[in-house]
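**Student:** I am attaching a structure below and will ask some questions about it afterwards.
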Amino acid sequence: MSKVLVIGCGGVASVAIHKCCQVSEVFTELCIASRTKSKCDELAAKLAPVTATKITTAQVDADDVQQVIDLINAYKPDLVMNIALPYQDLTIMDACLACGVNYMDTANYEPEDTDDPAWRAVYEKRCKEAGFSAYFDYSWQWAYRKKFEEAGLTALLGCGFDPGVTQAYCAYAKKHEFDSIDTIDILDCNGGDHGYAFATNFNPEVNLREVSAPGSYWEDGHWVEVAPMSIKREYDFDQVGHKDMYLLHHEEIESLALNIPEVRRIRFFMTFGQSYLNHMRCLENVGMLSTSPVDFEGQQIVPIKFLKALLPDPASLGSRTRGKTNIGCIFTGKKSGRDKTYYIYNVSDHQECYREVGSQAISYTTGVPAMCGALMLLTGKWNKAGVYTVEEFDPDPFLAALDQYGLPRSESRMPALVD
Ligand code: NDP
């Protein structure tokens, strides 16, 4: 029996809410709150006839800590699921601390305004010291560790697929398959086709910021940064086939390097089609990916926000997308003194996801782990005070929940390795 407040009602939140409503015995009451309340009302009306979960809705601007505090105090949830945008992570964490409520999200903090001088000073210092230049990193949220510990509250960070399930796969490999892990390659393959020349599968602004940034990987105790999309490999993915994939910086590398300290190298690869890359390069070259406002006919316009308004809403891609995703981790390491390789991954079918919850597989593979993470916290299976990433908890009940609720694992002990 629990009350959960979900903040955000976009592509990922919609899937997480659908899945929570399938587990009404745990998610007995749900409040869906977002900036645009009509979207929450629409989803609540759709789900009310098919679930025993009692759903209410609310309007909230989660950039405003006081509004979130007022909402939490009025609703009194056991957990706040932040499935809005990474920009709201800190304000929602502050509100959770003020009200004594557990917190979780699906992506680590990044500022909306990357020109803010106070943020920029910290960012530039971090770029020099840490050696990677992505706008997002864990330091902002790890700074809350002591506060959550002292308050006896849990903050679960990045509980989507990647980050999220990929870290649970790492914890599982460490617990069951290896005495020591030498290398981890995280492979994120989307073999889906939505028929548009260019569209992003989740929030365009967050997605394009991520993929247009320099790539980086962890090797021998430090970051190696490379030009965007400059490391390309081809891989033959189970149930998808051959795809080109490119090395990206990705947030879970940062926490995995800390939590599995013996690992010599951690890389992250994502597949992209040629049309996506051509469009992205062109948009970047003409300045459309910029986050800095420009003056246009007397108005301040942020190019990437304007672009977002032109692109298809990721939530609308579900009915059009055909094909499968394949996301997982390949490990090398040692077990009982012998060399070993292991691959654990999930394959999801876009159309099956759409039939079940009305969303494509990218939102599905993020929303299901968010629900399963909430399930772990609400049922006490994951229970420790502080700020944690997924690999810091027992992976077994989480992977069992993923198997049960729509993201079953596949395994191979003789995978092709990435050179
Ligand atoms: P969407 O843009 O589809 O949805 C975002 C939602 O947040 C919208 O409902 C939006 O409201 C709401 N929102 C935005 N700003 C505010 C605010 N200030 N106050 C209240 N609500 C707000 O994004 P996605 O669903 O695609 O992504 C959600 C999250 O999941 C993101 O953080 C993304 O980075 C993360 N993600 C994580 C993945 C993983 O594997 N870990 C993979 C994919 C995404 P409105 O409708 O008014 O715009």
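**Student:** May I ask you to list the residues in region 348-365 that are in contact with a strand residue (DSSP E or B) (Cβ under 7 Å, 6 or more places away or on another chain) and surrounded by fewer than 21 Cβ atoms within 10 Å (Cβ to Cβ)?
**Tutor:** In the first step, residues of region 348-365 are kept if they are in contact with a strand residue (DSSP E or B) (Cβ under 7 Å, 6 or more places away or on another chain); the result is 348-351, 361-362, 364-365.
Scanning region 348-365 gives D349, Q351.
**Student:** Can you say whether K232 is basic (K, R) and at pLDDT below 95, as far as the supplied structure shows?
**Tutor:** It is false that K232 is basic (K, R) and at pLDDT below 95.
**Student:** Return yes when A13 is in a loop (DSSP other than H, G, I, E, B), among the hydrophobic types (A, V, I, L, M, F, W, C) and in contact with a helix residue (DSSP H, G or I) (Cβ under 8 Å, 6 or more places away or on another chain) and no when it is not.
**Tutor:** no
**Student:** Are there any pairs, at least 6 apart or on different chains, whose C-beta atoms fall under 6 Å, with the first in region 188-217 and under 17 Å from K232 (Cβ atoms) and the second surrounded by fewer than 19 Cβ atoms within 10 Å (Cβ to Cβ) and of a type in the set (S, T, Y), and if so, which?
**Tutor:** P214/S133
**Student:** Within region 366-382, identify whether any single residue is touching a residue at least 40 places away in the same chain (Cβ under 8 Å), open to solvent by less than 20 Å² (accessible area, probe 1.4 Å) and among the aromatic types (F, W, Y), and answer yes or no.
**Tutor:** Taking every residue of region 366-382 in turn, at least one turns out to be touching a residue at least 40 places away in the same chain (Cβ under 8 Å), open to solvent by less than 20 Å² (accessible area, probe 1.4 Å) and among the aromatic types (F, W, Y).
**Student:** When residues of region 262-295 are filtered for being modelled with pLDDT under 95 and aromatic (F, W, Y), how many remain?
**Tutor:** Adding up the residues that qualify gives 2.
**Student:** For D162, indicate whether it is acidic (D, E) and at pLDDT 95 or above.
**Tutor:** yes
**Student:** Do any residues in region 333-357 that are within 21 Å of S316 (Cα to Cα) have Cβ atoms under 8 Å from those of residues that are open to solvent by 70 Å² or more (accessible area, probe 1.4 Å), where the two are at least six apart or on different chains, and which pairs are they?
**Tutor:** Here the result reads H350/R322; Q351/R322, each pair linking region 333-357 to a residue that is open to solvent by 70 Å² or more (accessible area, probe 1.4 Å).
**Student:** Every residue in region 234-262 that is of a type in the set (S, T, N, Q) and either open to solvent by less than 20 Å² (accessible area, probe 1.4 Å) or not in a loop (DSSP other than H, G, I, E, B) (or both), please.
**Tutor:** Scanning region 234-262 gives S255, N259.
**Student:** May I pose another question? Scan region 321-330 and give yes if some residue there is part of a helix (DSSP H, G or I) and either in contact with a helix residue (DSSP H, G or I) (Cβ under 9 Å, 6 or more places away or on another chain) or open to solvent by less than 20 Å² (accessible area, probe 1.4 Å) (or both), otherwise no.
**Tutor:** Within region 321-330, not a single residue is part of a helix (DSSP H, G or I) and either in contact with a helix residue (DSSP H, G or I) (Cβ under 9 Å, 6 or more places away or on another chain) or open to solvent by less than 20 Å² (accessible area, probe 1.4 Å) (or both).
**Student:** A further question follows. Would you check if V26 is away from the ligand (no atom under 12 Å from the Cβ) and either of a type in the set (G, A, S) or touching a residue at least 40 places away in the same chain (Cβ under 8 Å) (or both)?
**Tutor:** Here the answer is yes, as V26 does meet what is asked.
**Student:** Okay, moving on. For region 290-318, which residues satisfy the criterion of being in a loop (DSSP other than H, G, I, E, B), more than 16 Å from the ligand (Cβ to nearest atom) and surrounded by 14 or more Cβ atoms within 10 Å (Cβ to Cβ)?
**Tutor:** Result: S290, P293.
**Student:** Can you name the helices (runs of 4 or more DSSP H) wholly within region 128-216 that have at least 2 residues being open to solvent by less than 30 Å² (accessible area, probe 1.4 Å) and closer than 20 Å to I266 by Cα?
**Tutor:** Once the helices (runs of 4 or more DSSP H) in region 128-216 are filtered for at least 2 residues that are open to solvent by less than 30 Å² (accessible area, probe 1.4 Å) and closer than 20 Å to I266 by Cα, what remains is 165-172, 204-211.
Here's the yes/no breakdown for (1) within 23 Å of the chain's Cα centre (by Cα); (2) within 26 Å of T389 (Cβ to Cβ); (3) small (G, A, S):
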| position | (1), (2), (3) |
| --- | --- |
| I32 | yes, yes, no |
| K76 | no, no, no |
| E112 | yes, yes, no |
| P117 | no, no, no |
| K125 | no, yes, no |
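**Student:** Something else: Between a residue in region 274-298 that is more than 27 Å from D193 (Cα to Cα) and any residue that is acidic (D, E), which pairs come within a Cβ distance under 7 Å, given they are 6 or more apart or on different chains?
**Tutor:** Pairs found: S292/D115.
**Student:** Please state which of the following conditions W382 fails to meet, knowing it meets all the rest: (1) modelled with pLDDT under 95; (2) over 22 Å from L187 (Cα atoms); (3) of a type in the set (A, V, I, L, M, F, W, C).
**Tutor:** Unmet for W382, out of (1) modelled with pLDDT under 95; (2) over 22 Å from L187 (Cα atoms); (3) of a type in the set (A, V, I, L, M, F, W, C): (1).
**Student:** Would you please list the contacts, defined by Cβ atoms under 6 Å and residues six or more apart or on different chains, that run from a residue in region 152-171 that is touching a residue at least 60 places away in the same chain (Cβ under 8 Å) to a residue that is within 7 Å of the ligand (Cβ to nearest atom) and assigned to a strand (DSSP E or B)?
**Tutor:** Filtered contacts from region 152-171: G158/G164.
The values are calculated or read from the model by the stated rules, or taken from the named source; none is laboratory data. Worth saying up front: this structure is predicted, and the values here are computed from it rather than measured. Cβ atoms come from the backbone with ideal geometry, glycine included; neighbour counts cover every protein chain shown. Accessible surface areas use protein heavy atoms only, side chains included; no ligands, DNA or RNA. Shrake-Rupley method; radii C 1.70, N 1.55, O 1.52, S 1.80 Å.
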